[in-house]
Amino acid sequence: DHLAFQCKELNEALQKLFQAYDIDESGTVSFTEFVRLEIRHGLETGDLQRVLEAFPQISCADRNRTGVLQYSDFCKSRMRMLDSEAQTRKLKRVPTGEELAVLALGEAKRTIEERARMGCRYHIAIRKELKEIFEHWRISEDKGMSPIAWILGRADVKKKMGVPMSLKWMSEAAFTAAVGNKGMMVELDGFLRASFDYLEETYPSEAAAAALMLRQLRTYVESSPIPSTVKVDVFVLTALKPDFQLPSRARHDAQAYQRSAVFNLPTNLTLLEDLVSMLRLMLGIPSNKCLAVFGQLGDTLTRLTANNFKGQLERMALNEDPDSRQALFVKNVRLQPERLRLEPLRREEECLSLLHSATGSRWGFDWEVQILGKGLKAPPKLPWELSLSVGDSLVIRVPPTDSGMTLQIYMDMPGVLSSPVAQFVKKLGRSKSSKRTLKLQKAESEAGELKPQAPAGPAPAKRGRRTKPSAAQLAKSSTLRAANEDQLLVFVAQSEGSCTLFVEISWEHREEECTKMNSFGPSADASVARIGPLKVPVQKQSGKARAAMHWWNGFRWTGMQSSKRGPSGAASHRPQSASPQRARPSSAGKRPQSARR
């Protein structure tokens with residue numbers, strides 16, 4: 001037993017054999033590692049005796065019943081095996097240490113080759129490349145990879161190997177799984193585990209190709225310079241779900257924000273999505289949520305977009321004023337649509353035939369009721385179920401085009417409901433133009449009768465045949481008309497099925513102009529809100545369609561839209577409720593049994 005320690009060549013050969021058996025490089029050979037390799041060796045060489053003796057060998061070597069073999073116990077077990085192998089070769093003398101060293105080196109070589117056939121997780125060259133990449137990616141003063149180092153590593157993979165590999169291997173979900181319960185750092189074992197999961201899925205039987213890819217990536221990472229950093233503070237709203245408010249009524253309160261993190265922002269970032277991923281990982285925001293990021297340099301607030309992100313980061317890097325504030329503000333955190341897709345908004349003039357086919361009832365939602373809660377004493381609710389018939393229409397009243405707010409409509413089945421059509425209707429109450437007309441009429445009556453006078457200048461030329469207006473003229477007329485009219489989004493039920501949609505109203509792009517000078521960050525209210533999501537089943541039309549308009553007042557369906565929206569307004573105007581005999585949504589009455597439970 002002491003021959004292994006007396007002969008230098010044999011000791012070195014046994015160390016290489018021990019390292020080949022130590023798959024996870026823990027310094028010991030576990031029960032699973034030993035038995036797995038022994039069985040594979042026996043099956044590869046056709047030695048059934050070695051397969052059967054795998055369990056007895058480790059049981060005999062593990063005298064302390066720890067489940068692992070130390071180096072000395074492993075050497076004793078392998079020496080008995082090597083001595084037995086030497087005897088099978090019919091040596092008439094006791095094998096020397098040099099001869100046993102040759103046998104041990106041959107066994108180590110076969111073990112390494114067998115591990116390469118077992119897959120990427122057991123490949124020695126792959127483990128070596130991953131460990132070197134990990135050491136280059138992690139920040140020197142950290143024990144593991146921080147969210148910043150992880151996203152920078154993802155950027156390297158994206159530049160060298162492409163976007164698909166970076167999104168699968170170095171995703172935010174992979175970081176969360178690799179961290180486990182170890183705070184916000186990915187240690188080496190977690191990084192290896194996440195990397196092996198990706199490599200085994202991508203290279204199931206091509207370990208050599210995976211090793212070559214990692215070698216190329218490691219060479220690229222080694223040649224990349226260390227980026228400079230800028231120290232920034234990260235602020236988030238203290239309210240988990242801030243209320244939506246109009247731009248003119250938005251609050252600006254420094255107490256509404258709290259400092260959540262301070263980190264060194266790398267100046268070599270080129271994509272805003274990388275910064276957003278860093279913030280999500282540091283703040284614990286799930287990867288299926290989107291958010292808005294505002295950068296503040298001194299007294300200037302800027303909403304970061306894909307176009308201005310790089311320029312804003314360069315200005316922060318060149319800033320030499322130690323007293324100027326450099327901060328990032330995170331707000332408007334919301335779920336990002338996955339199954340739904342963005343639908344374009346069509347003009348009414350382009351869809352006259354579609355609107356003429358809408359001969360049934362119209363079921364409407366008002367953005368001021370659903371988002372602002374205008375006229376309501378309690379938060380509004382969405383109907384439990386909204387069932388339309390073919391020919392009916394879903395109508396959503398949204399802010400006018402001159403309000404400065406943008407619209408985005410997301411749908412999953414545009415064939416069931418039509419794409420949204422922008423329709424303008426006369427506003428409730430007396431418009432400004434009618435009030436101005438009354439003032440002029442009153443002034444004329446007080447001044448006495450006015451005699452008409454001929455207009456100055458030449459007479460206008462006679463017009464010929466009326467031509468079709470151009471697209472620019474249609475857009476101009478729509479803009480002028482929208483000043484005194486409400487804008488409605490009309491979705492016409494076209495075929496049977498089910499469609500899910502929501503409408504997003506935003507004035508994020510106006511945060512900069514609405515922020516007062518020397519104010520602390522953006523507004524304390526949400527600048528993005530959604531109507532929905534609404535799941536709209538469409539059924540076959542039964543009987544003769546009856547055209548009627550029904551509005552959801554936040555709690556039930558009513559037969560008209562009042563100037564006072566909500567339950568209080570509905571009570572004062574006493575509207576007629578939707579008839580239960582005509583395709584009335586089941587939410588208008590009692591809750592479903594499932595909802596009660």
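At a glance:
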{"read-out": "Total charge dipole magnitude, the stretch 25-75, about the Cα centre, Cβ charges on Lys, Arg, Asp, Glu only, Debye to nearest 20", "value": "140"}
{"read-out": "Per residue accessible area of the stretch 111-220, 1.4 Å probe, in Å²", "value": "46"}
{"read-out": "From the C-alpha gyration tensor of the stretch 298-351, square roots of 5λ in Å", "value": "37, 15, 11"}
{"read-out": "Calculated FRET efficiency for the pair residue 353/residue 323, C-beta based, R₀ 51 Å, to 0.05", "value": "0.20"}
{"read-out": "Where the stretch 254-305 is the region considered: accessible area per residue in Å², 1.4 Å probe", "value": "39"}
{"read-out": "Qualifying GluC sites (Glu not before Pro) in the stretch 295-372, DSSP loop, other Cβ atoms within 10 Å at most 11", "value": "320, 338"}
{"read-out": "Stretchable slack from residue 9 to residue 193, in nm (0.36 nm times residue separation minus alpha-carbon distance)", "value": "62.8 nm"}
{"read-out": "R0 of 30 Å, Cβ-Cβ distance residue 159-residue 32: FRET efficiency to nearest 0.05", "value": "0.20"}
{"read-out": "Label-zone membership for the stretch 250-289, site residue 314, 7 angstrom Cα→C-beta point, backbone N under 19 Å", "value": "265-275"}
{"read-out": "Fully extended contour minus Cα-Cα distance, from residue 238 to residue 495, at 0.36 nm per residue", "value": "88.0 nm"}
{"read-out": "Label point distance in nm, residue 60-residue 84, each placed 7 Å from Cα along Cα→Cβ", "value": "0.6"}
{"read-out": "Linear extension gain, residue 231 paired with residue 535, 0.36 nm per residue minus alpha-carbon span", "value": "104.9 nm"}
{"read-out": "Cα radius of gyration and Dmax for the stretch 196-244 (Å)", "value": "20.9, 55"}
{"read-out": "Spin-label model distance (nm) - residue 219 vs residue 271, 7 Å beyond Cα toward Cβ", "value": "2.4"}
{"read-out": "Residues residue 206 and residue 300, FRET efficiency given R0 of 60 Å [Cβ-Cβ distance, rounded to 0.05]", "value": "0.70"}
{"read-out": "Under-5 Å amide H pairs with residue 498, H placed in peptide plane, nonlocal only", "value": "538"}
{"read-out": "Cβ-based charge dipole, the stretch 311-385, positive-most Cα from 358, 342, 383", "value": "383"}
{"read-out": "Estimated distance in nm for a label pair at residue 43 and residue 109, the labels positioned 7 Å out from Cα along Cα-to-Cβ", "value": "2.4"}
{"read-out": "Å² of accessible area per residue within the stretch 348-419, as computed with a 1.4 Å probe and no ligands counted", "value": "39"}
{"read-out": "Low-density loop cleavage sites - trypsin sites (Lys or Arg not before Pro) in the stretch 211-273, where at most 14 other Cβ are within 10 Å (DSSP)", "value": "251"}
{"read-out": "The stretch 161-205, accessible surface, carbon-and-sulfur percent (1.4 angstrom probe)", "value": "58"}
{"read-out": "Entries of 16/143; 8/128; 131/160 with Cα pairs more than 22 Å apart", "value": "16/143; 8/128"}
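The values are calculated or read from the model by the stated rules, or taken from the named source; none is laboratory data. Since we're looking at a predicted model, the values are computed, not measured. Backbone-built Cβ (ideal geometry, glycine too); neighbour counts: all protein chains shown. These area figures cover heavy atoms from the full protein model, side chains too; ligands, DNA and RNA do not enter into them. Shrake-Rupley method; radii C 1.70, N 1.55, O 1.52, S 1.80 Å.
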